[in-house]
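Report on the structure given below.
What follows draws every value from the coordinates through simple rules; no lab data is involved. Everything quoted here is computed from the prediction, not taken from an experiment. Counting neighbours? That spans all protein chains shown, and the Cβs are built from the backbone with ideal geometry, glycine included.
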Amino acid sequence: MRLTACPHCDLLSEIAALQPRESAHCRRCGSLLYQHKVRSISRTLAWAIAGLLLFIPANVYPILQLQALGMEQDATLLKGVIALIDNRLWMVAILTFLLTIAIPLVKHLLLIGVLGRSHRPSPRLARWFRYYHLIDSWGMLEIYMLGILIALVKLGDLAEVVTGLGLYSFIGLLITSIGAHISLDKNEVWERLES
Amino acid sequence: MNTALHAGYARCHTCGKLVENMQPVGHNAAHCPRCDSAVHARKPHSLGRVWALTIAGIVLLAPAYAFPIMTVLRLGRGEPNTIFSGITELIHEGMYGIALLIFVASVAVPVIKLMGLSFLLLSIQLRWASSARQRTIAYRFIKFIGRWSMLDIFVISILVSLVQLEQIAYITAGIGTTAFGAVVVITIFAAECFDPRLIWDASTGDALAVEGA
């Protein structure tokens, strides 16, 4: 049995050890308290390393390519940011850069750094994992994915749009980051870092 | 009901550890022994901060909707579009699905979020006793949907970088995107600063906790 408080209503609960794939919810407000995930650390590490590898082609190769009257234009994540700077929208450019490139990259690096060395806890690892929590909700790859689809449909009547290797890598990156998000058991990592 | 606050515990906002021997409500922060974050029984100055950010968000909605976000030039001709005129144009072009997605992400989500946070804040300050569980679920929903407002800005960033075909077609982004981006960021911070435990403190008449917020 361990004592915990609900993050949403502050009710104290005593939770018995969970069986694999079991979860515990607050009996007053229904918030998720704990969820047992099988081999969380190694699975999350695998997803994160795969994601980091896919990060490179997803950023280097064009995601979409536009062809019309012999002219060609392609879009990468970084070119989207540069185009916003060309429109003198500095704040929006910085925001887009952070949400779609910098934060997803740093999240991958922090996750690999923490999980890869979680057998040797140190204050530095705890600090890194705290940074991970800080930026966790600011990575927005899945929203960007929907943005790509909307751009694809919108441009369909204007010109021929070709999808590139970058798009497939980006889809892969999205899948791996969702995989890492689902398999990560933050509580288990914290308990390891504490010991 | 036995809350962590009354038992002298506080849950770390970052790592979820229960920290013992907390002063009931104090702003001189203790630090979490596990992750070294500042530990508070309740998020500090939650009501004031969320009101400030919510009001800022409501004010910024005006320039976000009034100023153009995007101009599409076809063969050198085209008018700047605001968020609303862009949605109207999509409907005229028969792209109903996309029009609906953009409407939900750019209009429905930010408006529901700002109204929802105002409603939750008022319900705490008016010491509502009923439906605390439903209001907690509403908070979780508001927190979840907020980030999807970035959708239109990402679409614009892709279109602007892609459609630069000189005379044939050219897309530029407008100043409305800055205001709209600010609304999204501010409302995400507002949802982060909101402490749903205050809903329960207020509904159970826990004066100790509400005074400190």
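Mind pulling up the Rg/Rh value for the range B:85-141? Radius of gyration and Kirkwood radius, both on Cα. Before the final figure, lay out the partial values.
Numbers: Rg = 16.3 Å, Rh = 13.3 Å.
With Rh from the inverse mean 1/r over Cα pairs, Rg/Rh is 1.23.
Could you give the dipole magnitude of the protein assembly as shown about its Cα centre, charging the beta-carbon of Lys and Arg +1 and that of Asp and Glu -1, in debye to the nearest 20? Can you show the working numbers first?
On the way: 34 positive and 26 negative charges, 265 e Å.
It works out to roughly 1280 debye.
With viscosity set to 1.002 mPa s and temperature to 20 °C, compute the Stokes-Einstein D of the range B:132-213, Rh being the Kirkwood radius across alpha carbon pairs; µm²/s, no decimals.
Numbers: Rh = 15.8 Å.
Once the numbers are plugged in, D ends up at 136 µm²/s.
Using only the alpha-carbon atoms, how far is helix B:176-193 inclined from the longest principal axis of chain B? Give it as 0 to 90 degrees, nearest 10.
The helix B:176-193 is inclined about 20 degrees to chain B.
Report the Stokes-Einstein translational diffusion coefficient (µm² s⁻¹, integer) for chain B, Rh taken as the Kirkwood radius over Cα pairs, at 20 °C with viscosity 1.002 mPa s.
On the way: Rh = 19.5 Å.
After rounding, the answer is 110 µm²/s.
Lysines within cross-link reach of A:LYS186: Cα-Cα under 19 Å, excluding same-chain residues under 8 positions apart?
By straight Cα distance, A:LYS186 reaches A:LYS37, A:LYS107, B:LYS17.
Output the lone cysteines of chain B: those with no second cysteine's C-beta under 4.7 Å from their C-beta.
B:CYS193 - these cysteines have no disulfide-compatible partner (Cβ-Cβ under 4.7 Å) in chain B.
Rounding to the nearest 10 and keeping the result within 0 to 90°, find how far the Cα-based axis of helix A:165-183 lies from the longest principal axis of chain A.
Helix A:165-183 sits roughly 10 degrees off the main axis of chain A.
Considering chain A as a Gaussian network with a 10 Å cut-off on Cα pairs, which listed residue, A:GLU160, A:GLU14, A:GLU142, attains the greatest mean-square fluctuation?
Looking only at A:GLU160, A:GLU14, A:GLU142, the biggest GNM fluctuation is shown by A:GLU14.
If you line up the Cα atoms of the range A:21-74 on their principal axes, what length do they span on each, largest first, in Å?
Dimensions of the range A:21-74 along the principal axes of its Cα atoms: 64, 28, 12 Å.
What order do you get for A:MET1, A:MET145 when you list them from fewest to most C-beta neighbours inside 10 Å? Walk me through the numbers before you get to the answer.
Working: A:MET1 7, A:MET145 17.
Least crowded to most crowded, the residues run A:MET1, A:MET145.
Please give me the summed charge of the neighbours of B:SER85: other residues whose Cβ is under 14 Å from its Cβ, Lys and Arg +1, Asp and Glu -1. Mind showing how you got there, number by number?
On the way: positive: none; negative: B:GLU79, B:GLU89, B:GLU93, B:ASP152.
Net of charged neighbours comes to -4.
Using only the alpha carbons of the protein assembly as shown, what is the convex hull's orientation-averaged projected area in square nanometres?
The number I arrive at for the protein assembly as shown is 20.5 nm².
Restricting to DSSP H runs of at least four residues, report the calculated mean residue ellipticity at 222 nm for chain A, -39500 (n - 2.57) per run over all residues, nearest 500 deg cm²/dmol. Please report the intermediate quantities before stating the final value.
Working: 8 runs with 109 residues, N = 195.
My calculation for chain A gives -18000 deg cm²/dmol from helical runs alone.
GNM, chain B, Cα, under 10 Å: largest mean-square fluctuation among B:ASP201, B:ASP36, B:ASP152?
B:ASP36
If you bin every alpha carbon distance in the range B:125-179 into 5 Å steps from zero, what whole percent lands in each bin?
Calculated P(r), rounded to whole percents: 4, 14, 15, 13, 11, 8, 8, 8, 7, 5, 3, 2, 1.
How large is the dipole of chain B about the Cα centre if only Lys and Arg carry +1 and Asp and Glu carry -1, each at its Cβ, rounded to the nearest 20 debye?
Value, rounded to 20: 540 debye.
Treating only the Cβ atoms of Lys and Arg (+1) and Asp and Glu (-1) as charged, compute the dipole magnitude of the range A:39-194 about its Cα centre; round to the nearest 20 debye. All intermediate terms of the calculation are to be shown ahead of the outcome.
Working: 13 positive and 11 negative charges, 157 e Å.
For this selection, approximately 760 debye.
How far apart, in nm, are the 7 Å Cα→Cβ label points at B:THR71 and B:ALA56?
3.0 nm
Full extension from A:ARG117 to A:HIS181: what is 0.36 nm times the residue separation minus their Cα-Cα distance, to one decimal in nm?
Values: separation 64, 0.36 × 64 = 23.04 nm, distance 1.86 nm.
This chain segment gains 21.2 nm when fully extended.
Over the C-alpha atoms of chain A, what are the Rg and the largest Cα-to-Cα span, Dmax, in Å?
According to the Cα coordinates of chain A, Rg and Dmax are 20.5, 70 Å.
Could you grab the relative contact order for chain A? Cα pairs under 8 Å, six or more apart, rounded to a whole percent. Please report the intermediate quantities before stating the final value.
On the way: 259 pairs, mean separation 58.8, N = 195.
This gives 30 percent for chain A.
Which aspartates and glutamates have a Cα lying under 13 Å from the Cα of B:LYS113, excluding residues fewer than 8 positions away in the same chain?
Within reach: B:GLU192.
Give me the angle, in degrees from 0 to 90, between the Cα long axis of helix A:103-116 and the longest principal axis of the Cα atoms of chain A, rounded to the nearest 10.
40 degrees
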